Amino acid sequence: MHPHPRLASHLRSGQVSRIIYGSIIGLALVLTMELHPPSSGTVVGALLATAVAVALAELYSEAIAARARASVGGHTESFGTMVGVALAVAWGIAFPSVFFIAAKLGLMEQETAFAVAKWTGLGLVAAYGYLAARLSGANVASSLLQAAFAGVIAGVLILLKAFVH
């Protein structure tokens, strides 16, 4: 399987793991808020605020780590690369806000927004698992199994994160 050049570029970047990481954080937040649902606007605000906070923490930690690596002669990424990685985390966290904006606009019910947010997040993680397996040469059946496994792991991580959040 040969991916489209843009997809291949995306998969070579450090952004895939950060988007998955952000998706897990966003899904955990959605699950936590679903227990006692606030207004759709509050959900959007919480997701966006969390996205900004985690992205800034990611950027800060990467900048400090880069300085430490540089001080001992190690390889460091450019500041632009670090910003791109931080934005990927923010994107993963903030993406479900699209569904709550739609609920706020009356385009869907808030219950539907929660359901769609959860399933698209798990679907994203499973899709990356499938794609990684196919691109590494696995057959379709094996790739589907790996995607299911990735989805189960993400589900467990999301539930754990929701319980401790």
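Okay, here's what the table says:
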| read-out | value |
| --- | --- |
| Among residues of region 117-136, those that are among the aliphatic types (A, V, I, L, M) and under 11 Å from the mean Cα position of the chain (by Cα), counted | 3 |
| Close pairs from region 25-42: first closer than 14 Å to Lys118 by Cα, partner assigned to a helix (DSSP H, G or I) and polar (S, T, N, Q), Cβ under 6 Å, at least 6 apart | Leu29/Thr50 |
| Failed condition for Ala63, given (1) free of Cβ contacts under 8 Å to residues at least 24 places away in the same chain; (2) closer than 19 Å to Ser39 by Cβ; (3) among the aliphatic types (A, V, I, L, M) | (2) |
| Members of region 133-152 found to be touching a residue at least 24 places away in the same chain (Cβ under 8 Å) and within 23 Å of Ile93 (Cβ to Cβ), listed by number | Ala150, Gly151 |
| Verdict on Lys104 being buried (at least 16 other Cβ atoms within 10 Å of the Cβ) and over 17 Å from the mean Cα position of the chain (by Cα) | yes |
| Yes/no for Ala117 being aliphatic (A, V, I, L, M), over 15 Å from Tyr21 (Cβ atoms), touching a Ser or Thr at 6+ places or on another chain (Cβ under 9 Å) and surrounded by 18 or more Cβ atoms within 10 Å (Cβ to Cβ) | yes |
| Helices (runs of 4 or more DSSP H) lying entirely in region 47-165 (those with 3 or more residues that are among the polar types (S, T, N, Q) and more than 14 Å from Ile25 (Cα to Cα)) | 140-164 |
| Unique residue being among the hydrophobic types (A, V, I, L, M, F, W, C) and at pLDDT below 90 when the list is Leu87, Leu56, Leu7, Leu105 | Leu7 |
| Test for Glu77: is it acidic (Asp, Glu) and more than 28 Å from Leu160 (Cα to Cα) | yes |
| Residue, modelled with the highest pLDDT, within region 11-28, restricted to residues that are crowded, with 19+ Cβ neighbours inside 10 Å and either touching a Lys or Arg at 6+ places or on another chain (Cβ under 8 Å) or not in a helix (DSSP H, G or I) (or both) | Ile25 |
| Selection status of Phe114, under 25 Å from Ala46 (Cα atoms) and either touching a residue at least 24 places away in the same chain (Cβ under 8 Å) or touching a Phe, Trp or Tyr at 6+ places or on another chain (Cβ under 7 Å) (or both) | yes |
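The values are calculated or read from the model by the stated rules, or taken from the named source; none is laboratory data. Only a predicted model underlies this, so the values are computations on that prediction, with no experimental measurement involved. Methodologically, a virtual Cβ is constructed for each residue, glycine included, from the backbone with ideal geometry; neighbour enumeration extends over all protein chains shown.
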